[in-house]
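This report refers to the structure that appears directly beneath it.
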Amino acid sequence: MSVGCIIVAAGRGTRAGSDIPKQYVEIGGKPILRRSLDAILASKEITSVQVVIHSEDGVRYEKAVKSVDDARLKAPVLGGESRTASVKAGLSTLDRSETDLVLIHDAARPFVTEDQLSAVILATRNTGAAVLAIPVVDALWRAESGLTPVDREHLWRAQTPQGFQLKALLDAYDAFTGDARDDVAIARAAGLDVLPVPGSETNFKITTPGDFARAERELMSEMDVRTGTAYDVHAFGPGQSVVLNGIHIDHDQAMIGHSDADVAMHAVTDAIFGALCEGDIGQWFPPTDAQWKGAASEIFLAKAVERATHRGFVITHIDSTIICETPKIGPHSMAMRENLARICQISMDRISVKATTSEQLGFTGRREGIAAIASATLVKS
């Protein structure tokens, strides 16, 4: 049974107090819409996703979803003057013969979980319509000529997603006139029963300025921060240059190694692999494999970056320390930072390249080789 999802992102979000529509405001480095989209795409039960946007937000939308590589995400459709009109525009893109169930989700609810999506889908399959909701537990009073108590029994606070049999919801929309607060109201107007499925307080809708701070706190509580460290050495041998962090430096010797022997980039690469708990360069690119003979170490680092991205991590900081008596690293550190930033796909202000000597002690002090230490910080949220 195929399940489509419509993400409503055409509103202006004026109560949020932002200069741009709230769904494009970043929390934790990502637009709210992108976080909501990522949460929906995390569900393997959902077979297609349709985002409904405002006619003025095309550029913002494309920027927000630029790195999404998922065939389930369809081209956006333009919304209308109201939420009801926007949902209707999204529904018009769905094929009744291909889609059985549809979920309607607010772009400003980025913390919906895969378990919650599954619960709504299951309930919709069983009953025809379901909504994530929270039972009211606070005392309720109506303020009309004084305070009058309101019975809170059977009262629920509706959230999204709200799930429906597609044909039934389309028929309900066809019969409905005017505007409604949500899709449950339209379904109920058509006589459909809607089952409440327990939601959670974390699946809140970002509406007011204070909600942005709450969202940031929520992200911090869920954030997966990892640090990897690495150490590598290579000996000097005959040659006229060395390669460090991808930069060729004239020297009276070269580095010995199966690849280009870029000891500094090897350490950075292994630090990333270490943070991911995915082994080291030797496991990914065995020195016994002839295809890596003389290979540029950028290939190795690019693979580590690819693995981090695939796992949903962002590289937030790289620190590289090169230990040698010669050559001098300082004149080349800026070029090294620029090169690492390019490969790691992060800004240069998150890359540090330092150098030190070993005060003529040990193999580096005797100028027999170069050592490198690196650390990498990865964040997943």
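From the set of residues in the stretch 346-381 that are crowded, with 16+ Cβ neighbours inside 10 Å and farther than 20 Å from residue 336 by Cβ, which is modelled with the highest pLDDT? Step by step, filter the stretch 346-381, then rank; the result is 378. Residues in the stretch 109-147 that are on the phi > 0 side of the Ramachandran plot and in contact (Cβ under 8 Å) with a residue 12 or more places away in the chain: 128 alone. Filtering the stretch 221-248 to residues that are in contact with a His (Cβ under 6 Å, 6 or more places away or on another chain) and of a type in the set (Val, Ile, Thr) leaves 242, 247. Scanning the stretch 106-132 for residues that are polar (S, T, N, Q) and open to solvent by 20 Å² or more (accessible area, probe 1.4 Å) gives 113, 116, 118, 126, 127.
To keep it simple, each residue is scored yes or no on (1) within 33 Å of the chain's Cα centre (by Cα); (2) of a type outside the set (A, V, I, L, M); (3) not in a loop (DSSP other than H, G, I, E, B).
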{"residue": "164", "(1), (2), (3)": "yes, yes, yes"}
{"residue": "179", "(1), (2), (3)": "no, yes, no"}
{"residue": "184", "(1), (2), (3)": "yes, no, yes"}
{"residue": "193", "(1), (2), (3)": "no, yes, no"}
{"residue": "196", "(1), (2), (3)": "yes, yes, yes"}
{"residue": "203", "(1), (2), (3)": "yes, yes, no"}
{"residue": "207", "(1), (2), (3)": "yes, yes, no"}
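Scanning the stretch 296-318 for residues that are of a type outside the set (Phe, Trp, Tyr), out of contact with any Asp or Glu (no Cβ under 7 Å at 6 or more places or on another chain) and open to solvent by less than 40 Å² (accessible area, probe 1.4 Å) yields 301, 304, 305, 308, 312, 315, 316, 318.
Okay, residues lined up against (1) open to solvent by 40 Å² or more (accessible area, probe 1.4 Å); (2) within 30 Å of residue 374 (Cβ to Cβ); (3) touching a Phe, Trp or Tyr at 6+ places or on another chain (Cβ under 7 Å):
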residue	(1), (2), (3)
188	yes, no, no
206	no, no, yes
209	yes, no, no
237	no, yes, no
244	no, yes, no
270	no, yes, no
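The listed residues are 160, 148, and the only one of them that is at pLDDT 95 or above and hydroxyl-bearing (Ser, Thr, Tyr) turns out to be 160.
The values are calculated or read from the model by the stated rules, or taken from the named source; none is laboratory data. This one's a predicted model, so the numbers in the text were calculated from it and none came from an experiment. FYI the Cβ positions are ideal-geometry reconstructions off the backbone, even for glycines, and counts take in every protein chain you see. Each accessible area value is taken on the protein alone, full model and side chains, heavy atoms only, with ligands, DNA and RNA left out. Shrake-Rupley method; radii C 1.70, N 1.55, O 1.52, S 1.80 Å.
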